[in-house]
Structure formats: structure tokens, C-alpha cells
Amino acid sequence: MANNVVAEENTKKQFIVVKIGSEQYGIDISYVDNIVRMQKITRVPKAQSYFKGIINLRGEIVPVMSIRTKMDLEPDEFTDVTRIIILKLEEHGVLGIVVDEVKEVVTLAPDEIDKVAYDAKNSKSNFINGVGKHGEELISLFDTNSIIDEPEMV
Amino acid sequence: MDVSQYLEIFIDETNGHLQNLSDCIMTLEKEPENMDTINEIFRAAHSLKGMAGTMGFKRMQRLTHDMENVFQEVRSGNMSVTSGLVDVLFQCLDAIDAYLENVKESSDEGTDDNEAIIQELNEILAAGTGNALPVKTEKAPVKPQEGEKFPKRYQDIEFSEKEKEELQKAESRGMNIYGMTVFIQEECLLKAARAFLVFKAVEDYGNIIVYNPTSQDIEDEKFGVDFSFYLVSEENLDKILEVSKAVSEIEEVVGEKLKYSELTAAAEKKEAAQAEQAAQEAKALEAKAEEKAVPAVAAQTKQAPAKKANGGKPVTNRTVRVDIEKLDALMNQVSELIIAKNSLVSIGSSSDGGASGASSQAFHEQIEYLERITTGLHESVMKVRMVPIESVVQKFPRMIRDLSKKLDKKMELFMTGEDTELDRTVVDQIGDPLQHLLRNSADHGLESTEVRRKRGKPEVGSIHLNAFQEGNNVIIEVSDDGNGIDTDTVKEKAIERGLITPEQGETMTQKEIIDFLFMPSFSMAKKISDISGRGVGLDVVKSNIEALGGDVEVKSVLGEGSKFIVRLPLTLAIIQALMVEVRGEKYAISLGSIETIEEISPDEIKFVQAKEVIHIRGIVIPLIRLDQLLDCEPEEKERESLTVIIVRKGDKVAGLIVDELDGQQEIVIKSLGKYINNSSKIISGATVLGDGEVALILDVNTLF
């Protein structure tokens, strides 16, 4: 009995639901190290355009990326609810991404997630590896690794 | 016997002996008659054999034993050192090194018997000694060893004029002069303390005139198992010997009464090398005779197997082995402490206005105190991490020797500044780049012997490796007196490979052309050798050194030689920096590269080749506007006065225009991480300021 519960828990995944523009996105919670309020970002000259710069997270230097710029959306507008999500990725270290708002944490079972096919034409969809259905709402699930990947040079 | 706990010491010591042997054999090749070197080699080979035996590494023991045999013969003058012998000896060293590598990896010496080398050694032995029968050579090395178990080392002491005078005076006052050599047990851990006790005991009866090694070295335990001294005393010899042997862990004390006239005569004898040998042999016989007279102790030690006496002795110098990771952790904590201190400093300065006089005064004093402590702490930790580059460069003379044979070019390596210290992590990583540069000099730099002769240069090419400290950097120069870089050929090659058009080539400076050599897979070697020419060379050197925060510069004069200048940062983690502001953004510039700071008015700026320069104290200095360089918003109107920071790299200077100066600060360098593309390398890192703000560190070296 107890084993069954564990097994069931394992197949379900938790996601942090964030708002970027008008859409909702989910980030696999196992990659999330921390969520911090917006703070002063130090610009790094000559860096990639989608890097806003670096912040000081308790003495650690953490680079912060604008997911909006990376997805070719309008530039960020910082408000009271803007947050930086600190992702921790095994080999690559920590990275912050700016989101408009953090909504909630949801648990999705495998049958609630639809896989999304890769579409080379749509640069936005390259960052998504699935769509989660949570009640009435649809949540695009980020493929965490593709967020880090450098956009291919044209 | 479980010897695993000694494994580390064994590896360390074997490395030491190998290096020592390699150095000595190099010397021997140049001066085949040098008795001191031959003795040194004999001793090192003997220690190696003993150690290998104790650890149970039979193959290694056998090889070193045969090496020792050869030296035994050389030492006794039965054979001479030939270049063939030196070659074989180097092969032996390589083989021992290979054993050692195996030991490091698997705690086992491996299964290679190196029969070929042993065979060769024995052949040389047979040929060298002519009549040597195998039986004789087998026995030969063992006997004298025993005889020299307790050599009268005090006979090696040389006197200064003053010491001679003292001895003479003492003798004229009716005192006795005793030469004494004290042997401490190998396993004794506090040799210096034992030596001290011996001195204390004998000084109750007289005065010690001369020490060998020096009393300072004895105090610092810089000696093997024995030390010698001359004592003047009224007491008789037996009494002195008795009190000195009474000190525990003393293996043996040998000594005799001497006359001043004998001493000086012996010293004079020494000058003639052959006479010395004869004397030594005679004395060795004497020693043997005397040894018989010395009862219990000597008998005991004779019975003790030689390998025990020589094996696995830990040369105790007062050091502690510390894992580099522990030091890194310590360093990180010191860094955090400095950041915390910096924030206290900034709180202190911001609350200046409000706080009442006395308490704020006390606060500042304490902060200053804290500042002194953290700076001291940082320096100490840095010093702990510093090691001389010697450990890296000491293998180079051998490498050059091998290259010289392989390439059939005569060359010699001159090194200076081996004691220059660098952070451990840097030292660990500069070996390969330096090796590349040396190989490059040997292979591409130096011309062949015939060409050199034709050009009227000395036949033997010279390669120099000079290391020294310059401000916050350590400079290592690798130079040769070879052909230099032929920029025209490099240019042709670049054009041929489509890197530039011939027109572009016309306008390139020498430096720009030389930079091609640092491009990946751009080899200038006409034919590929196994030394270089595969095109993986200089680009790897450059990237390795840049990864360490350093850079490489080349100077070359065609026909006269070239010089590679490697510049490395002294410290990696914490630096003193000048904080500057550009459009409200804070940047740190390492104080080490800052020359002066100037205030200038805009109309002092002149133009040379459409570039802004200033002319200060007779030097024309190119200007760099940091706001433009760092893509800041331009200012609406030009300021009335500009702050210019003059920075230097080698012999080049540049002026950086900044908006504000924010004072000097100790900063902790942090990496920007892997995500941010920093290909321009202007930003070498970031630091957290006292108020939690992040400032970027400008690497001015990239601006030149």
C-alpha cells in the first residue's frame, strides 16, 4: 500500500506556475532553487542581449536572464510582483530568470501533460516541451535545458 | 609489514631523489670528473634502493641496485663517465619514474622488469671495468657501504681563517681538539632536538668551534642523519663520547683527537683531488679498525639489515601537509569575512553624520583594527598557498637535453628566478604552457647547428627562462637566440590559408601578424615532428594562460631571436582595486596595473591617426573612453575636466577616461559563471561591495 503511494507521487510532477505576458508557464520545481524579489541588476557590457546582468544572491554572483528577450517578446516591465526565479542546474550552476508574476504551485499527473512536438519555425515553442492541463487552465511547460541553450547562430 | 602508511612519504621522497639524480647526471655529463656529483648520485641511488626495498618494490630495487653498482665503479675510479652511460642512466630514471607512476596509481610498481636497461647497465659495467667479473661487481658495492656506515664526516669540514685561528689558540692553551660526527637513528623524529641535546652535553666540557652543517641548518633540521663538529675541550675523548652517546636516539658517535697541524695539513691535502682520495681511503681503513673497538652499538647496527637503516626514513621538516581543498575552503571564508568587513566599513561611513562623536570614533577605530586583521589574515592565507615555480621548471633542463639530442641541435637552457612564488593552482597549471614554449623555442626558434655556424652565432643555442615578480604579476619569459619570427612567411601563410587578403597583409603591424601564431591549427613548422608542428601549440598556450587570468606577449627580431612573455596574476581570489564609476555603474580596476591618475581638460586631447591621445610628461598616451567601450549612454555635454587613469601593461600605457573615482578597496573576485558570453574578456569577473551591490572587474590587460 505504502509503496503504491510513493510510486504515484513519483510519477506526478510539481510545477511553479508563472506569468510571462498573457501566458502561463510552468517550471519544474526540482530545478528551482529560490524565488527572489526584483532587485538591482548590474549590467554586464558585451554580454548576450537576453542577459539582464548579474545580481548578488547572498554573496554569490548569479547571472539573470530575460526570458522575454530570449523568446522575442516585449521587453520586461518591472512591477511589484516581478520575481527572479533562481534555477539550479547540475553542471551549469545557478541562473536567474525574470518572470512577471509567480502564481502558484501545481501538481500534474502524466495524463494531464500533453507533449508538444518540436517546431523549428516557431522559436517560442522551442522552449516548451509540453502543455499541462490544470482544471480549466493551460500551462506551457518550460524545457529547462533549452532555456540555457544558446540560440543557434544564423 | 604494512608499509602503506609510508606510501605517500615514499612517493614524495622518490620524486625528490629522482629530481636530484636527474640534476646530478646533467652536471655529470658536463663535468664527468666531478667527484662530489658522483658521490651525490651514488648516495641518491643508494637511498632509492633502500626505500624501494623497504616498500617491497623488488623491480625498482633491482634497477637502482644496478645503477648503484655502476656508480660504485665510477666512484672508485675503475670506469669513466661516457655519454653512452649518461643516456642509459636517463633511461633508468625514466624507468624508475614509470615505476613510481604505477605506485601512485595502484600502490604497486607494475610488472615491467626493464631487463633491457639492466642488461645495458651491466654491459657498460663490464666494458668499463674491463676485467670485472660478475661476482666481483655483485659484491663490490656492498662492502664499502658497511665500511662507510659511520664515516668521519667531520673530515670534510673546511675551516675559515677565523676558525683556524681559534683552534690554534685553543691548542696553544693546552686544550684538546676533537673532531666528532654524530649519527642519529634514522627513525628519530626530533633530530634537531637530539642534536641540541648533544651540543648541550658536550658544551659542558668545552666549546664547539665549527659545525657542519651550520648550526642554523641543524636547528632547522636541514641535515640527514649525521652532523659533525669540532670541539675544543680539556676533557679526554672518552668522556666526551660518553656524554654525547648518553643522549637517547643517538646511533653512534665517532670522534678522535686531532692536532691543529694535522688539520691544516689535511685541509691543504684536500685541494689536490687525488691526494684527498688516497687520504679518504686510508682513513676509511682507520675507521674500520676503530669501529671494531667501539663495542655494542656498532655491532648491533652492523647486524641490522642495510635496508632497514636506509629505508623509508621520513625527512622531517616542520611542515604540515594540507589538502588544497581545505585551503580553498579557508580562502572562501576569508573572502566572506572581507565582504562582511567591507559592509561594516560602508555602514560606518554612512552613519557618520548621525552618530555621536565618541562612539563613532571608537567604532572607526575598531573597524580599522578589523581591517588590519582581515588584511593580515588574507595575506597569510595567500602565502600558505604560494609555492615556488621550481617544482615545475626543474624538469626542463632534462627536457632540453633530450630535445637537443632528438633534434640534433646544440642548445643550453639557462634559468633564473626559480624561487619566484605563485599561487598553487597557477603553478599546477603553468607546466604545460611553459613546456610548449620551450619546445617551441628549441624546435622552431633555434636554427640548426650548421646554419648557426654560417650566421656567425655560437654553435650552442641558448634558451633562457627567467621568472620574476612585477607588481601584482609574475612574469615568466622564455627567450631564445634563434632565428626569430619571420613575419613575411607568417603573412604568406595567413594569405595562403585565406585568413587575410594580400591587401590586408600590407597594412598589418608586426604584432598583428605574430598574433596569427596563436590561432588554432596555425603551424609554421615545415614538417611535422613529434616535438611540435601539429598546430596544437601556441593557441593552447594562450588559452591555458588566459584561463589563469594571465596573457602572453611575443617580441621577436628576425635573425636575433624571439621572446615569449607570460604574465600571470600573483593572486587569484582577492586583489586591491580602485573603484571607479562610469555613468553610475561601478567598476573595479586592479591597482597593480594602475600607474597614475590625471585630471585633464578636454582641450588637452590631441589626435593621432584619428585616435584620441594625451601628451603627459613627454609620453603620448592613447585614450580609451570607458563609457564608449562599455556601451554606456553618451553624456549630453562634454565635462570640463576629465579623470584619466593611466594603466600599464609591460611597456605599453593607456589612459582610461572615467566619470568618478570611488577610492581603493580590497575586493574578492567572483566568476561571472558560464552563461554570460564574455568573449571580449573586458570583464574579468565581479565582486560584491559592502552595501551588497555588485561591481564588475575590468581587466585592463585586454585593452591593449
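Just so it is clear, none of the values below were taken in a lab; they were calculated from the coordinates. Owing to the predicted nature of the structure, the values given are computational and were not obtained by experimental measurement. Positions of Cβ are generated from backbone atoms using ideal geometry, with glycine treated the same way; all protein chains shown enter the neighbour counts.
Tabulated data for the structure shown
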quantity	calculated
Peptides B:232-239, B:206-213 ordered by average Cβ neighbours within 10 Å, highest first	B:206-213, B:232-239
Protection proxy ranking of B:378-386, B:193-201 - average other beta-carbon atoms within 10 Å, highest first	B:193-201, B:378-386
Neighbourhood charge, 12 Å Cβ-Cβ cut-off, centred on B:LEU578 and excluding it, Lys, Arg +1 and Asp, Glu -1	-4
Cβ-derived FRET efficiency at R0 41 Å, B:SER671 paired with B:ASN15, nearest 0.05	0.80
Modelled FRET efficiency - R0 25 Å, A:LEU89 with A:THR11, Cβ distances, 0.05 increments	0.65
Full-extension gain in nm, B:ASP112 to B:ASN39, via 0.36 nm per residue minus C-alpha separation	23.4 nm
When the convex hull of its Cα atoms is projected in every direction, mean area for the stretch B:30-69 (nm²)	2.8 nm²
Number of partner chain Cβ atoms within 10 Å, mean per residue of A:53-59	6
Simple spin-label estimate for B:GLU612 and A:GLU23 in nanometres, 7 Å along Cα-Cβ	4.5 nm
Simple spin-label estimate for B:GLU105 and B:MET519 in nanometres, 7 Å along Cα-Cβ	3.8 nm
For B:688-694, mean number of other protein chain Cβ atoms within 10 Å	5
Near-label residues of the stretch B:672-704 by backbone N, under 20 Å of a point 7 Å along Cα→Cβ of B:GLU660	B:687-698
Test item: B:625-638 mean partner chain Cβ contacts at 10 Å	1
Alpha carbon convex hull of the stretch A:12-148, volume per residue in cubic angstrom	123 Å³
Rounded, prolate or oblate (a/c below 1.5 giving rounded, otherwise prolate when a/b exceeds b/c) for the stretch B:176-223 by Cα gyration tensor	prolate
R0 of 60 Å, Cβ-Cβ distance B:SER343-B:GLN168: FRET efficiency to nearest 0.05	0.30
Additional length obtainable on full extension of the chain from B:ASN332 to B:LYS257, 0.36 nm per residue less Cα span	20.9 nm
Spatial extent of the stretch B:341-448: Rg and Dmax, with the Cα atoms as the point set, Å	25.5, 80
Fully extended contour minus Cα-Cα distance, from B:GLU418 to B:ASP217, at 0.36 nm per residue	70.2 nm
Label-to-label distance, nm, for residues given as B:THR507 and B:SER80 (7 Å Cα→Cβ offset)	6.6 nm
